[in-house]
Amino acid sequence: MKRILADIHTHTIASGHAYGTIREMAQAASERKLQVLGISEHAPGIPGTADPFYYRNLGVIPRKLYGVEIIHGCEINVLNGGKLSLDEEYIQMLDYSIVGIHRQCYQDEGIKINTDNLIKCMQHPKVVVVSHPDDDNTPLDYERLVAAAKEYHVALELNNSSIRKKDIRLNCIENYKKMLCLCRELGVPIVVNSDAHDPSQVGDFELAENLLDEIGFDENLVLNTDIEALKLFIENN
Ligand SMILES: [Zn+2]
Ligand SMILES: [Zn+2]
């Protein structure tokens with residue numbers, strides 16, 4: 001498989017339960033020979049995460065650290081009712097947004113309504129990635145999800161940390177296989193991310209890459225193997 005050159009779902013100490021600074025994360029990305037590092041702190045809804053005021057001052061951070069380009073995102077929670085957990089004024093300060101369901105601030109409503117809620121959030125123009133759509137504790141309809149990803153120009157994530165935690169994420173591997181087969185059929189791009197909560201995890205894609213190899217996934221659909229394609233995808237959203 002082509003080398004993955006960007007990790008755009010990572011957390012720093014600002015997320016409250018992650019342990020590296022932006023510089024430590026960037027240094028780790030540099031050591032892993034990544035070209036782009038996306039920092040995507042948790043939005044309100046996750047205990048101890050940054051106040052949205054944090055996003056106002058992102059401009060002070062150099063765009064290049066240790067030779068790695070830094071882009072600024074946020075992992076916004078899907079709330080019941082299909083609402084995003086970050087106010088619009090802050091979303092506009094970001095380079096990109098990720099949306100994902102977290103059980104700390106989401107009550108399972110069954111496969112149909114969970115999917116409705118997620119799809120509603122995917123329609124926001126800043127949203128470019130759905131994080132870890134893999135856990136049957138909040139089940140999703142993969143046929144509808146992949147079709148919506150195509151329609152709204154959103155990439156679906158294969159999350160390396162989810163695979164590491166597969167024992168607590170119900171049917172994680174089976175769900176990824178289902179999702180990836182549908183992505184291949186419909187030509188929907190995916191993003192492989194570490195979801196690092198510590199510098200030691202930045203750029204660790206091993207379990208995800210093994211899964212892609214196992215099912216013979218089309219490497220051309222892995223958006224973050226091509227930096228130009230990834231940037232175009234974010235800009236044209
Ligand atoms: Zn998450
Ligand atoms: Zn995350």
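Values quoted throughout were computed directly from the atomic coordinates according to the rules given, and no laboratory measurement underlies them. Values in this document were obtained by computation on a predicted structure and should not be read as measured data. Every residue, glycine among them, receives a Cβ derived from its backbone with ideal geometry; neighbour counts consider all protein chains shown.
Would you confirm whether or not region 109-116 contains a residue that is of a type in the set (A, V, I, L, M), closer than 20 Å to residue 162 by Cβ and away from ligand 2 (no atom under 14 Å from the Cβ)? Lay out the reasoning, then the answer.
We begin by selecting, within region 109-116, every residue of a type in the set (A, V, I, L, M); these are 111, 113.
Next, only the ones that are closer than 20 Å to residue 162 by Cβ stay: 111.
Then drop every residue that is not away from ligand 2 (no atom under 14 Å from the Cβ), which leaves 111.
Within region 109-116, one or more residues are of a type in the set (A, V, I, L, M), closer than 20 Å to residue 162 by Cβ and away from ligand 2 (no atom under 14 Å from the Cβ).
Of all residues in region 107-141, which are at negative phi, in contact (Cβ under 8 Å) with a residue 40 or more places away in the chain and either buried (at least 22 other Cβ atoms within 10 Å of the Cβ) or within 16 Å of ligand 1 (Cβ to nearest atom) (or both)?
Selection gives 118, 121, 127, 128, 129, 131, 133, 134, 135.
Give the residue, chosen from 126, 165, 112, that is in contact with a strand residue (DSSP E or B) (Cβ under 8 Å, 6 or more places away or on another chain) and of a type in the set (Lys, Arg). Explain how you work it out, then say what you get.
Working: 165 fails: in contact with a strand residue (DSSP E or B) (Cβ under 8 Å, 6 or more places away or on another chain); 112 fails: in contact with a strand residue (DSSP E or B) (Cβ under 8 Å, 6 or more places away or on another chain).
Of 126, 165, 112, the one residue that is in contact with a strand residue (DSSP E or B) (Cβ under 8 Å, 6 or more places away or on another chain) and of a type in the set (Lys, Arg) is 126.
Which of the numbered conditions does residue 208 fail, given that it passes all the others? Conditions: (1) in contact with a Ser or Thr (Cβ under 9 Å, 6 or more places away or on another chain); (2) not in a helix (DSSP H, G or I).
The one condition residue 208 does not meet is (2).
Read through the list (1) in contact (Cβ under 8 Å) with a residue 60 or more places away in the chain; (2) of a type outside the set (Gly, Ala, Ser); (3) on the phi > 0 side of the Ramachandran plot, then give the number of the only condition that residue 98 fails.
All conditions are met except number (3).
How many of the residues in region 34-60 are surrounded by fewer than 22 Cβ atoms within 10 Å (Cβ to Cβ) and touching a Gly at 6+ places or on another chain (Cβ under 6 Å)?
Number of matching residues: 1.
State which residue is nearest to residue 233 (Cα to Cα) when the search covers only region 89-102 and only residues that are within 10 Å of ligand 1 (Cβ to nearest atom) and not aliphatic (A, V, I, L, M).
Taking region 89-102 first, the residues within 10 Å of ligand 1 (Cβ to nearest atom) are 98-102.
Narrowing further to those that are not aliphatic (A, V, I, L, M): 100, 102.
Details: 100: 19, 102: 25 Å.
So the residue we want is 100.
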